[in-house]
Amino acid sequence: MNSAQEPKQFAIGEHVVYPLQGVGVIKRIEERMFRGVATMYYVIYLDISDMTVMIPVDKSEEMGIRPIVAEKEAKQAIDSISSKYEPMPVDWKVRYQMNVDLLKQGSITSIAKVVQALYHRSKIKELPVQERKLYDNALRLLIDEISFALKKDKKKRSKCLYSPNWRNRFMNFPQHAVIVTAAGSSDRFNMNKQLGVKKEYLSIDGHTVLYRSVAPFLEVPGCQVIMVTHPQGMADQCAVALEDLLQQNMVPPIILVPGGGANRQKSVYNALQMLSSMAMAVDFVAIHDGARCFLTPDLVIKTLATATVFRGAVPALPATDALKIIDNNGGVITHHIDRTHAVGVQTPQIFKYPEIWEAHQVAKDATTSYVDDTQIFTDYGQSVGICEGTRENRKITYIEDVPDAEQQIEEYLQNLEEGKRSAQAAKALHQAMDEVQREQQTQ
């Protein structure tokens, strides 16, 4: 037999990979009788599972026993996890079998594919128990081999995929822009006192509502720009509410956009129009309500992962209250809605770009009164997937939603009035100085 065709021979003390089991070390090579025939066996100890197995030497290649990959191949496997992701079937049973078949191949590349696929899926929806076990096993196998290939100490093995930025190791984050809408009139917030106060500019636990709504996006890789809409004439107040987020050389940059309209749709349109003029290379746009100040980076990531599959995505929760339709006077129930398939949607709502921009251009001239951006996107012929929202991601709507709101509002209005008086005094001073200068010129 040609030596090139002979199975790889391993030595005592050599580390090898046993598919589906992980890295092991060959403790002994010994002869044993099997059905009356003397057979040579590798005795392999698997440290990760504290188990010893015996593999016939002449069957080792057939059973997938192989050397640990070289350092270069291990680094390529790490890089492959953050490469472009190809979505897998929605049916978890089909997806499960595909991933089991990949693991059985035993190569580090196939293991990395399983880790990547199931990580992406877990960001869309919680994995079923069997898939979760499969993911945990694949991740364990990957970490085990890569740590040996990179000559990592045992205590550092679990960290070899997580540093310096573990999220980038698992998910290919699309380049995206963010629009935070804060140009509304806060009518429901002010309805009892007609105070005319912007709820986004009030504070909760030391930071403004607007600051808290913007900050989570800064922690998500791939964000290229954040655009914050504000009412006409309130750019300065919006800037103050963003606290230190508007400092120079911020990456990604934060841009203030005048709302320019009486509704949210017009504000989003203005921001998208500005984005289109910037010729920025983005794949998705996230549109978030500036009053949802309990958002987390994980929910942004989950929604972004869902959008890469469906082209549009929104976090949602099942409806728990009974749903009714009432008459135009708001006093009589006219229809009863089956809530079985009803959900309440949240933000951020994330869409493929430039499709969402094109959809808004069509919607601008339509007579339809759109509920939100998901309706604009679906009316344009696109699809929107659902990911699981969180109850914490609630919206500041009424005055009681902000602790100490009335005290803050009193101080806010007082400072606003003082600012106006200061501005009037400054204007009067400038006018007086101009008058003095004119008199001096005529003398």
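Quick rundown of the values:
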item	result
Centroid-to-centroid separation of the range 114-142 and the range 356-377 [C-alpha atoms, Å]	37
H15, H336 arranged by Cβ crowding within 10 Å, fewest neighbours leading	H336, H15
Ellipsoid equivalent to the range 31-92 - semi-axes via the Cα gyration tensor, in Å	36, 17, 12
Charge-dipole axis of the range 176-401 as Lys and Arg at +1 and Asp and Glu at -1 on Cβ define it, positive-most pick from M274, N263, A316	N263
P(r) of the range 3-67 over all Cα-Cα pairs, binned every 5 Å from zero, in whole percent	4, 19, 30, 25, 15, 7, 2
Order of V209, V94, V180 under a 10 Å beta carbon neighbour criterion, fewest first	V94, V209, V180
For the range 176-401, with +1 on Lys and Arg beta carbons and -1 on Asp and Glu, the positive-most of Q375, C387, V251 along the dipole	Q375
More than 26 angstrom apart: percent of Cα pairs within the range 176-401	36
Cα-based shape type of the range 8-112, given that a ≥ b ≥ c are square roots of the gyration tensor eigenvalues and the cut on a/c is 1.5	prolate
Cα centroid separation - the range 287-307 against the range 206-261, whole Å	15
Within the range 225-359, percent of DSSP bridges classed antiparallel, to nearest 5	70
DSSP-assigned coil residues among GluC sites (Glu not before Pro) in the range 27-90, each with at most 13 further Cβ atoms within 10 Å	E61, E62
For R28, distant residues with modelled amide H under 5 Å away	V43
Amide H partners (placed H, <5 Å) of I179, local residues excluded	M227, A286, I287, H288
Within the range 176-401, percent of DSSP bridges classed antiparallel, to nearest 5	45
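Throughout, read-outs are computed from the coordinates displayed, never taken from laboratory work. Just so it is clear, the structure is predicted and the values come from calculations on it, not from any experiment. We place every Cβ from the backbone using ideal geometry, glycine too, and count neighbours over all the protein chains shown.
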